[in-house]
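Notes follow the structure.
The values are calculated or read from the model by the stated rules, or taken from the named source; none is laboratory data. Note that the coordinates shown come from a computational prediction; the quantities given were computed from them, not determined experimentally. In this analysis, Cβ positions are derived from the backbone assuming ideal geometry, glycine residues included, and neighbour counts consider all displayed protein chains.
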Amino acid sequence: MNVICRTLLAISIFAFGYFGIYRPLQLRWGATLDELRRTMPGDEIQAHPIFNSTRAITIAAPPEQIWPWLAQIGYRRAGWYGYDWIDNDAIPSSAKILPELQSPRPGESMPIWREIAYPIAVVEPNRYLVFESPNHYDSMALSLYPVSPNTTRLVWRIRLGSYRWNSKLVFGQLLTDLADFIAVRQALEGIKARAEGSYRATRLIYVELFSWLLMFFGFLLALLTLISRREWVGPFLLAILIGSNTVVCVLARPRLFADIIGVLVVALAVVALLRKPLHQAPKPVST
């Protein structure tokens, strides 16, 4: 197989893994079919999104007990209740209600990340909080839907418009498409823990995150090896194995020891593959 065919095969593996498996599943993590179909406040901001995610989680608390955590959310405010070292400049997200941040108002600017802020578009206490990008192309809605007197569904929807490559916001859009699921899921779980009174600070989430990154880089390395080596069957099978393992670990989120074992297996497989010569020596021609 020549290098062009191997390159096309590598691209096909990546595209199918991302667009065919990972992306569709992460866009609807935790959400029911009814929640996916439900119209939410802010949907009208971007009627034709190229990125339309609806993630949800069940919280054992009434909306009134969850809302204060939503009201104060944001970069360098109460934080995102997730990966603070990454999305809040290493400032720990608040573990308590902050009275000074309990009155979000339409038009108020809410910082998303460094030099990126979304104005609040719509706010209804104990029900929903909607943000809109300054260019009016993107929206983010956090809504509370009571299931019983002490059970609520928190639904987090993000809708992005077409990429605008000449805008400084394009990096945020690309990052959202690739990795926001991991951050949003951790934020949902952080809100749930706080509202239920079960929050415990831990750094193990960063060990878990680092293990996923190692798996992903191992996947990319397997694809590069598939392109660069004449012997393609081994790299092909390795890319499928690592890619599948990465998707399962990120989406299913097994216990941490399973991630660590996965990383070790991937590392051993990659080392064994790289120890093979770059090009196989031509076989002698018999006379």
Which residue pairs have Cβ atoms closer than 7 Å, lie 6 or more positions apart in sequence or on different chains, and pair a first residue in region 137-164 that is more than 15 Å from SER53 (Cβ to Cβ) with a second residue that is in a strand (DSSP E or B) and basic (Lys, Arg)?
TYR145/ARG153; VAL147/ARG153
If you check every pair at least six apart or on different chains, which have Cβ atoms under 7 Å apart with a residue in region 33-53 that is in the same structural domain as PHE131 (by TED's automatic domain parsing) first and a residue that is surrounded by 15 or more Cβ atoms within 10 Å (Cβ to Cβ) and assigned to a helix (DSSP H, G or I) second?
PHE51/THR176; PHE51/ASP177
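I'd like the residue in region 69-91 that is aliphatic (A, V, I, L, M) and surrounded by 22 or more Cβ atoms within 10 Å (Cβ to Cβ) and, out of all such residues, is farthest from PHE131 (Cα to Cα). Steps first, answer last, please.
Taking region 69-91 first, the residues aliphatic (A, V, I, L, M) are 70-71, 73, 78, 86, 90-91.
With surrounded by 22 or more Cβ atoms within 10 Å (Cβ to Cβ) added as a condition, the list becomes 70, 73, 78.
On the way: LEU70: 12, ILE73: 12, ALA78: 16 Å.
Taking the candidates together, the pick is ALA78.
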Residues of region 174-196 being over 18 Å from ASN88 (Cα atoms) and modelled with pLDDT under 95, in sequence order, are LEU174, ASP177, LEU178
Pairs under 7 Å by beta carbon, first residue farther than 15 Å from ILE242 by Cα and surrounded by 13 or more Cβ atoms within 10 Å (Cβ to Cβ) in region 1-14, partner among the aliphatic types (A, V, I, L, M) and at pLDDT 95 or above, six or more apart or different chains?
none
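With of a type in the set (Ser, Thr, Tyr) and either on the phi > 0 side of the Ramachandran plot or not in a strand (DSSP E or B) (or both) as the only criterion, which of THR152, THR176 stands out? Talk me through it step by step, then tell me what you get.
Details: THR152 fails: either on the phi > 0 side of the Ramachandran plot or not in a strand (DSSP E or B) (or both).
Matching residue, one of THR152, THR176: THR176.
Can you tell which of SER93, SER148 is assigned by TED's automatic domain parsing to the domain that holds ASP43, among the polar types (S, T, N, Q), at pLDDT 95 or above and closer than 29 Å to ARG203 by Cα?
On the way: SER148 fails: closer than 29 Å to ARG203 by Cα.
Criteria check complete, one pass: SER93.
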